[in-house]
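The values are calculated or read from the model by the stated rules, or taken from the named source; none is laboratory data. Please read all numbers here as calculations on a predicted model, not as lab measurements. Cβ atoms come from the backbone with ideal geometry, glycine included; neighbour counts cover every protein chain shown.
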Amino acid sequence: MNLFRITSFLISILLVSLAAPVFAASAIQQMAGITLQLHHYPSDAEKATLRGIADNDSATAGERALATALMNMEHKVSGSDKRKLEALVKADGTPAAERTLAEVLLGINHKPSKADAEKLRPLADG
């Protein structure tokens with residue numbers, strides 16, 4: 001009986017740990033959600049989320065550039081972040097979601113427009 005409970009417990013832990021990545025929001029989903037709520041610049045909690053994406057070795061180079069640009073944003077994207085996002089938009093191999101988010105971030109002045117929000121919602125919903 002005890003062996004059965006221990007085995008059941010271990011199997012439960014294994015199944016939960018395997019399913020956990022499925023329930024975690026993707027980097028694009030997280031950034032789109034942050035951008036939808038953006039007013040001038042990200043909050044400290046949002047910056048911590050963005051720092052996690054920017055520092056994540058499994059994130060794509062585009063995701064890291066987007067996270068860094070959004071994290072550094074003050075009213076709009078500027079400087080080297082702007083140049084990196086422009087390059088991301090122009091690159092042939094850029095995934096559609098990354099390109100859309102880059103285009104939106106490049107066009108933001110203080111907060112996303114209604115048209116931007118319509119582009120972001122599908123990305124935020126995954």
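Structural remarks
- Residue satisfying all of: in region 92-102; without any contact (Cβ under 8 Å) to a residue 40 or more places away in the chain and surrounded by 13 or more Cβ atoms within 10 Å (Cβ to Cβ); nearest to Ala32 (Cα to Cα) among these: Thr100
- Residues that are aliphatic (A, V, I, L, M) and either under 17 Å from Ile34 (Cα atoms) or in contact with a helix residue (DSSP H, G or I) (Cβ under 8 Å, 6 or more places away or on another chain) (or both), drawn from region 63-90: Ala65, Leu66, Ala67, Ala69, Leu70, Met71, Met73, Val77, Leu85, Leu88, Val89
- Residue satisfying all of: in region 15-29; at pLDDT 55 or above and outside any loop (DSSP other than H, G, I, E, B); surrounded by the most Cβ atoms within 10 Å (Cβ to Cβ) among these: Ala27
- Residue within region 61-76 that is at pLDDT 95 or above and of a type in the set (D, E, K, R) present: yes
- Odd one out for Asp81 among (1) surrounded by 10 or more Cβ atoms within 10 Å (Cβ to Cβ); (2) at pLDDT below 95: (2)
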